[in-house]
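K.L.:
Quick one: this structure, given as structure tokens, is what I'll be asking you about.
The values are calculated or read from the model by the stated rules, or taken from the named source; none is laboratory data. What you see is a predicted model; the values in this text were computed from it and never measured. FYI the Cβ positions are ideal-geometry reconstructions off the backbone, even for glycines, and counts take in every protein chain you see.
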Amino acid sequence: MKRKLFALVAVLAIVAAACGGGSADTTTTTAADTGGGGAAEEPMKVAFVYVAPIGDLGWTYQHDLGRQAVEARFGDKVETTFIENVAEGPDSERVIRDFANKGFDLIIATSFGYMDPTITVAAEFPDTQFVHISGFKNADNVATLFGRMYQPRYLSGMAAGAATESNILGYVAAFPIPEVIRGIDAFTLGAQSVNPDIEVRVVWTNTWFDPPTEKEAAEALLAAGADVIAQHQDTTEPQKAAQAAGAVSISYNSDISEIVGDSVLTGPVWDWGVKYISIIEEMMAGTYDGSESYWGGLSDGVISLAPFSDRVSQETQDAINAKMAEFESGATDVFCGPIVDNEGTEQVAAGTCMDDGSMLGMEWFVKGVSQ
Amino acid sequence: MSFPWKFELERRLEVSRWVSWGVPTLSVLAAFFFGGIILSLAGAPPIETYRAMAAGAFGSISEWADGNFFAVTETLVRATPLIFTGLAVAMAFRMLFWNIGTEGQLVMGAIAGTWVAIYLPDLLPWLPQTRWVYIPVGIIAATIAGAFWAFIPAIMKVKLGVNEIISTLMFNYIAILLYQQLYTGPWKDPEGFGFPGSAQFPEFSWFPKFSEIPVLNVLSGRIHFGFIIAVVIAGVLWVVMDKTRRGYEVRLLGENTNAAQYAGISVIKNVLFVMILSGGVAGIAGLSEVAGLGHRLQAGLDVGNGFTGIIVAWIAKLRPLSVVIVAILMAALFVGGDQLQISLGLPSSISSVLQGAILLSVLSGDVFTRYRLKITRVVVGAGVVGEEA
């Protein structure tokens, strides 16, 4: 019996060795200097680490559209690759380090939970540029990148507030981190701006990507009386649940009207390609600030609002567009006082607006949010 | 009309040398062959894909020449929890005690290790805050927690006759829910901006990396002390199970419970002994993952190491030293699988499909080393021709 096992092992080892021997050039390439990739013949190598499959039609799908936009824009000058379904936590460190080890010039880690692994690996590969999406830790070669998603969140809240009859809006949310809390608060304020009696009920799923869990959470909210479903998840399951129940929804990440028809009123949309292209252009020119904390607004094109469904009245559309113009011009912002939290404490005084630092660390809910 | 042939599996009385070498060889080749078909269907050239996987798992000669052992170390890192759980499963299965609960025992070990790292320093401020104290204390705590989680189903089995397959399986879910509750609730990092996960462990409770240990520091990267513990435990269990009276009793119980009992061997004592050992080893796996890699209790611990450990133990024929080798090969399959996406742009699901095809072939090949396929012709209406007994 023992002999048999060793035979098996021996065979596996031989096969592995035989395959491994000649493979030096299949996967490894010489690392080009950060920022110098475009000057040489060697294409600049860009890697994307995704938390969900690219077919999620949401968060990861949008990032992959950004990757495709990079390929379309730069052609042979840039070579991109991606890995999907990478769990947050220790496993992601292996993947990120593997890309760095293979000599990629730019590694884009697209989920909050990749923050610590990105920082750890970046310290070991000072010549590699890292971009972490949605985090708050920077280093000399780690830039953070996000958008002022709270602005389109607010605008989509206006559409939801105008649509509801029960005055209860349901919100399927992943994790109680500032990014998500900010979105819920902005959405609630937007809804309350057209209908002060709005209550927003939140269900936490503790996952970015889990289609059945997302769907069940939406169904629970619908059963509790919500007639508009908004979400901060990776898939379109909550919106599908809303459509199945005859309710309406607000999308997130992508325009999904092709999937759920006019039941989706509108929703915040990401367009990562715009920023990815500009980062790569600057890296090629050698002008990129590799430790930047980028937080783009509506005018940058990184974030926008999906087209309105026919179910959104012209009056509401006009009001939303007017508000959007105010955000774009900087005339006003979402978190301008007076704002009271859901425990009755005044968080933002009248006549003042929150600064970026306090928005990035937001951990309280506005009045009207129940979780 | 009935099928004219009858297929039967007949136990081989003697496993010849040819069979013991030939069948596993063939089944591995078959595995790569079937895997190759799947890859071709997915539009990937099989040979090149296998090369990329092997290079991803073990590195290539030119990388080794540069002193770059990144791939090997990552494979060993991935193998570490599988060695622990494989050993844990092997111990229990040897006496036909079906411990399906190593996943939960692993998680309990991680919880205990987290408690030691984060809460013990405040509780016992006089305890020297060095690795020489905190690593042994962590190991003891994780062992106790894992053993305790295995002890409950074991005592339920011997005292109440509760089926251990069900109870150990269910105990996984209890442990996993407790773990999720802790890192999303009471143990959440107060400075983590609400993201689930405990606070980071203080450095004196981290397992040292190889790069910090003399001699071993030829290997850089994430490989850590947990791998050493796993290999040492494999050696110890090999001695205990193959060279001691207790090990002999356990084996005898597994092979023939009645005969063993008749010979005066206590079932209860041995079940408890084995399950505490098994659970304890699985518990250290959990500690090794949190103290060696993430340095915090967070999502990603319940990724099926306990269940993969069952496959590892089974392929390794429940032999401790073989578990180490099989766990490393299994880890190579996981780590190499990343390359399907990174280098070849295949969807992530293909790597799972390929792993499944390879494991299925290896495991089913095993059947043919122990059994021979007997084909007999059935004459319609006249029963089976040439049937023996």
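K.L.:
Out of A:Thr128, A:Thr188, report the one residue that is out of contact with any His (no Cβ under 8 Å at 6 or more places or on another chain), among the β-branched types (Val, Ile, Thr) and in the same structural domain as A:Tyr294 (by TED's automatic domain parsing). Steps first, answer last, please.
P.N.:
Working: A:Thr188 fails: in the same structural domain as A:Tyr294 (by TED's automatic domain parsing).
After ruling out the rest, the residue left standing is A:Thr128.
K.L.:
Which numbered condition in (1) under 13 Å from the mean Cα position of the chain (by Cα); (2) more than 9 Å from every other protein chain (Cβ to nearest Cβ); (3) buried (at least 24 other Cβ atoms within 10 Å of the Cβ); (4) not β-branched (Val, Ile, Thr) is the only one that A:Ala122 fails?
P.N.:
Looking at each condition in turn, A:Ala122 falls short on (1).
K.L.:
Moving on to the next point. Read through the list (1) more than 23 Å from the chain's Cα centre (by Cα); (2) assigned to a helix (DSSP H, G or I), then give the number of the only condition that A:Val274 fails.
P.N.:
(1)
K.L.:
For segment A:131-158: of the residues being assigned to a helix (DSSP H, G or I) and out of contact with any helix residue (DSSP H, G or I) (no Cβ under 6 Å at 6 or more places or on another chain), which is nearest to A:Val312 (Cα to Cα)?
P.N.:
Here is the first cut: in segment A:131-158, the residues assigned to a helix (DSSP H, G or I) are A:150-158.
Next, from what is left, pick out any that are out of contact with any helix residue (DSSP H, G or I) (no Cβ under 6 Å at 6 or more places or on another chain): A:152, A:156.
Numbers: A:Pro152: 16, A:Ser156: 11 Å.
Per the stated criteria, the residue is A:Ser156.
K.L.:
Quick check: anything in segment B:67-84 surrounded by fewer than 19 Cβ atoms within 10 Å (Cβ to Cβ), in a helix (DSSP H, G or I) and free of Cβ contacts under 8 Å to residues at least 40 places away in the same chain?
P.N.:
Our first condition is that a residue be surrounded by fewer than 19 Cβ atoms within 10 Å (Cβ to Cβ); within segment B:67-84, this holds for B:67-68.
Restricting the remaining residues to those that are in a helix (DSSP H, G or I) gives none.
No: segment B:67-84 contains no residue that is surrounded by fewer than 19 Cβ atoms within 10 Å (Cβ to Cβ), in a helix (DSSP H, G or I) and free of Cβ contacts under 8 Å to residues at least 40 places away in the same chain.
K.L.:
Considering only residues of segment B:202-226 that are within 14 Å of another protein chain (Cβ to nearest Cβ) and under 16 Å from B:Ile139 (Cα atoms), which is surrounded by the fewest Cβ atoms within 10 Å (Cβ to Cβ)?
P.N.:
Taking the candidates together, the pick is B:Glu203.
K.L.:
What residue, of A:Arg94, A:Arg67, A:Arg73, is in contact with a Lys or Arg (Cβ under 8 Å, 6 or more places away or on another chain) and part of a helix (DSSP H, G or I)?
P.N.:
Values: A:Arg67 fails: in contact with a Lys or Arg (Cβ under 8 Å, 6 or more places away or on another chain); A:Arg73 fails: in contact with a Lys or Arg (Cβ under 8 Å, 6 or more places away or on another chain).
When all the criteria are applied, what remains is A:Arg94.
K.L.:
Within segment A:308-351, restricting attention to residues that are over 17 Å from A:Phe187 (Cα atoms) and under 25 Å from the mean Cα position of the chain (by Cα), which residue is surrounded by the most Cβ atoms within 10 Å (Cβ to Cβ)?
P.N.:
Ranking the candidates gives A:Ser309 first.
K.L.:
On the given criteria, is B:Gly294 surrounded by fewer than 24 Cβ atoms within 10 Å (Cβ to Cβ) and within 14 Å of another protein chain (Cβ to nearest Cβ)? Talk me through it step by step, then tell me what you get.
P.N.:
Values: surrounded by fewer than 24 Cβ atoms within 10 Å (Cβ to Cβ): yes; within 14 Å of another protein chain (Cβ to nearest Cβ): yes.
Yes.
K.L.:
Before we move on, is B:Gly300 within 29 Å of A:Thr80 (Cβ to Cβ), within 10 Å of chain A (Cβ to nearest Cβ), free of Cβ contacts under 8 Å to residues at least 12 places away in the same chain and out of contact with any strand residue (DSSP E or B) (no Cβ under 6 Å at 6 or more places or on another chain)? Before you say what the answer is, go through the steps one by one.
P.N.:
Numbers: within 29 Å of A:Thr80 (Cβ to Cβ): yes; within 10 Å of chain A (Cβ to nearest Cβ): yes; free of Cβ contacts under 8 Å to residues at least 12 places away in the same chain: yes; out of contact with any strand residue (DSSP E or B) (no Cβ under 6 Å at 6 or more places or on another chain): yes.
Considered against the rule, which asks whether it is within 29 Å of A:Thr80 (Cβ to Cβ), within 10 Å of chain A (Cβ to nearest Cβ), free of Cβ contacts under 8 Å to residues at least 12 places away in the same chain and out of contact with any strand residue (DSSP E or B) (no Cβ under 6 Å at 6 or more places or on another chain), B:Gly300 comes out as yes.
Conditions (1) without any contact (Cβ under 8 Å) to a residue 24 or more places away in the chain; (2) outside the structural domain of A:Ala69 (by TED's automatic domain parsing); (3) more than 30 Å from A:Gly261 (Cα to Cα); (4) out of contact with any Leu (no Cβ under 9 Å at 6 or more places or on another chain), marked per residue:
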| residue | (1), (2), (3), (4) |
| --- | --- |
| A:Gly286 | no, no, yes, yes |
| A:Ser293 | no, no, yes, no |
| A:Gln314 | yes, yes, no, yes |
| A:Asn321 | yes, yes, no, no |
| A:Phe327 | no, yes, no, no |
| A:Thr332 | yes, yes, yes, yes |
| A:Val340 | no, yes, yes, yes |
| A:Glu343 | yes, yes, yes, yes |
| A:Val348 | yes, yes, yes, yes |
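K.L.:
Given the conditions (1) part of a loop (DSSP other than H, G, I, E, B); (2) in contact with a Leu (Cβ under 8 Å, 6 or more places away or on another chain); (3) not basic (Lys, Arg), which single one is not true for A:Gly190?
P.N.:
(1) is the only condition that A:Gly190 fails.
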